[in-house]
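The values are calculated or read from the model by the stated rules, or taken from the named source; none is laboratory data. This is a predicted model, so every value here is computed, not measured. Note that each Cβ is placed from the backbone with ideal geometry, even for glycine, and that neighbours are counted across all protein chains shown. Protein only, heavy atoms only, side chains kept; ligands, DNA and RNA dropped before computing areas. Shrake-Rupley method; radii C 1.70, N 1.55, O 1.52, S 1.80 Å.
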Amino acid sequence: MAALGGLLFGYDTAVVSGAIGFLKAFYNLSPFWQGWVASCALVGCIFGAACAGIVSDAIGRKKTLVLAAILFLVSAIGTALPKNLTMFIIFRVIGGIGVGVASMTSPMYIAEISPAKIRGRMVTFCQLAIVIGILASFFVNYFIATPHSQEWNINFGWRWMFGAEAVPAALFMILLFFVPESPRWIAKRGRHEKAFAILARAGGEEFARAELADIEDTIAHEEGSILQLFRPGFRLAIMVGVLLAVFSQCTGINVFMYYGPEIFKKIGMGTNAALLNTVFIGSINLIFTFVAIKLIDKAGRKILLNVGLIGMAICLFAMSFATMYQKPILMLIFVLGYIASFAGSMGPVTWTMLAEIFPNRVRGRAMSIATFSLWTVNYIVSQTFPMMNENRVLVEKFHNAFPFWIYGSLCILAIVFSFKYIPETKGKTLEEIERFWISSTTKRRNSS
Ligand code: BGC
């Protein structure tokens, strides 16, 4: 149920790809306004992610998720029936705030309620929900637009695309009433019996006893202040979290999610082929997320990430050549290879690790810092791609391949970072991970 937050996250961010053309015609948008209408929700995401930590540490994870559901619902109705463009943008930003809030609270809640040995798989369900949401939006857009005339789509099509989100948003809100609060958040508030009952429901009484003792022990050693994050042990954790979030975005994934059809058109595909290939992108994204679900707790996070990043880098460089030499089929193959590599590694590993590497008491706020960085870089990448892609000098000099060279080079940096700094967290309880940071810093100090 908590993973449904991911579904709305996926739907809300990708739906605009199909609606933007009709919005452009309806509101007579200039290129600047097109860019702003397409990416204004991401500004809401940045704000939502920044606030969600403080809110979820204060009122609890469950109530924060309910808040996100309300924001989704209000946004779905508001963007379907706006009075003017300003109102549309305001409601889009409100939905974006919901995405920002859900993007950190859903995985965090799942990590906090799951037994260690299946935690990776459980949080990966969140990524699965994101990619289902993205694919659903591609299909919904397709089914709404195709049976109707261009004129109908310009007047009404985009309204239905945004409005359709009200259904999963309402369902999310209703279902949330059936989930318990996070046991770790409750224990932190001193309500140990309640925490015990919830843990027992998740993994049995024996599991609950051991887990609660461990939670209590770690909480006793925590300060609870955000400054704790900047102490030697956790400084490393926050650096790893922020860099992981940044690399997950600056290696280009959302360029393919938000601008897929435009990329294909640029190397000579027709509109229909471009739209169909976007559905392939969504499907491969979904299929390879299942591969990650299967492997994340067995092979581990680090190996998945290393292999996936190498695949992404190879495909990005190969894409650069395919673009330069105008080879649409090869381009499609490498784009799909890149999506498969991301979906089987970087996508799920990022959300899983962000949800598990921070100390209990400040997890909400720490995750906020990391997700804030993630959405900020997402916004920068989405805003700059058309500028790079349409800049005449860059296009002539690099034969349309400039953005892919950039993302490929950043991927190399991500590989170095992953090999050097990513710890293996598979099978460890959240409390063991917390102790690991402190001991690893002590070891680094002693050896230097
Ligand atoms: C990323 C999103 C991206 C999605 C693609 C997620 O892990 O955070 O930005 O759109 O994966 O599947």
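Those helices (runs of 4 or more DSSP H) of segment 157-232 in which 2 or more residues are touching a Lys or Arg at 6+ places or on another chain (Cβ under 9 Å) occupy 183-188, 192-203, 205-220.
Any residue in segment 295-312 that is of a type in the set (A, V, I, L, M), free of Cβ contacts under 8 Å to residues at least 60 places away in the same chain and within 12 Å of the ligand (Cβ to nearest atom)? Within segment 295-312 (the criterion being of a type in the set (A, V, I, L, M), free of Cβ contacts under 8 Å to residues at least 60 places away in the same chain and within 12 Å of the ligand (Cβ to nearest atom)), the answer is no, since none of the residues qualifies.
Please verify whether Ile339 is part of a helix (DSSP H, G or I) and open to solvent by 10 Å² or more (accessible area, probe 1.4 Å), treating the condition exactly as stated. It is false that Ile339 is part of a helix (DSSP H, G or I) and open to solvent by 10 Å² or more (accessible area, probe 1.4 Å). Of all residues in segment 100-134, those satisfying the criterion of being aliphatic (A, V, I, L, M), in contact (Cβ under 8 Å) with a residue 60 or more places away in the chain and open to solvent by 20 Å² or more (accessible area, probe 1.4 Å) are Ile113, Ile118, Ile132.
Filtered by the rule that a residue be within 16 Å of the ligand (Cβ to nearest atom) and either open to solvent by 10 Å² or more (accessible area, probe 1.4 Å) or assigned to a loop (DSSP other than H, G, I, E, B) (or both), segment 279-294 gives Val279, Phe280, Ser283, Ile284, Leu286, Ile287, Phe288, Phe290, Val291, Ile293.
What are the residues in segment 295-317 that are open to solvent by 40 Å² or more (accessible area, probe 1.4 Å), more than 16 Å from Leu128 (Cα to Cα) and in a helix (DSSP H, G or I), if any? Within segment 295-317, Lys302, Ile303, Val307, Ile310, Ile314, Phe317 meet the criteria. When we screen Ala68, Ala49 for residues that are at pLDDT 95 or above, open to solvent by less than 20 Å² (accessible area, probe 1.4 Å) and small (Gly, Ala, Ser), the only hit is Ala68.
Conditions tested, residue by residue: (1) among the basic types (Lys, Arg); (2) under 22 Å from Cys411 (Cα atoms).
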residue	(1), (2)
Gln249	no, yes
Pro261	no, no
Val279	no, no
Lys294	yes, no
Val307	no, yes
Ala313	no, yes
Ile329	no, no
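Taking the conditions (1) in contact (Cβ under 8 Å) with a residue 40 or more places away in the chain; (2) surrounded by 15 or more Cβ atoms within 10 Å (Cβ to Cβ) in turn, Leu212 satisfies each one other than (1). Just a yes or no: is a residue in segment 345-366 modelled with pLDDT under 95 and touching a Phe, Trp or Tyr at 6+ places or on another chain (Cβ under 7 Å)? Yes, segment 345-366 contains at least one residue that is modelled with pLDDT under 95 and touching a Phe, Trp or Tyr at 6+ places or on another chain (Cβ under 7 Å).
For Thr352, the criteria (1) in contact with a Cys (Cβ under 6 Å, 6 or more places away or on another chain); (2) surrounded by 22 or more Cβ atoms within 10 Å (Cβ to Cβ) hold in every case but one, which is (1). For Tyr259, which of the numbered conditions (1) in a helix (DSSP H, G or I); (2) without any contact (Cβ under 8 Å) to a residue 60 or more places away in the chain fails to hold? (2) is the only condition that Tyr259 fails. If you scan segment 324-376, which residues turn out to be within 16 Å of the ligand (Cβ to nearest atom) and in contact with a Lys or Arg (Cβ under 7 Å, 6 or more places away or on another chain)? Once the filter is applied, which keeps residues that are within 16 Å of the ligand (Cβ to nearest atom) and in contact with a Lys or Arg (Cβ under 7 Å, 6 or more places away or on another chain), segment 324-376 yields Val349, Thr352, Met353, Glu356. Out of contact with any Cys (no Cβ under 8 Å at 6 or more places or on another chain) and closer than 13 Å to Ala237 by Cβ - does that describe any residue in segment 372-395? Scanning segment 372-395 turns up no residue that is out of contact with any Cys (no Cβ under 8 Å at 6 or more places or on another chain) and closer than 13 Å to Ala237 by Cβ. Considering segment 151-167, and only residues there that are open to solvent by 30 Å² or more (accessible area, probe 1.4 Å) and touching a residue at least 60 places away in the same chain (Cβ under 8 Å), the residue that is farthest from Thr278 (Cα to Cα) turns out to be Asn155.
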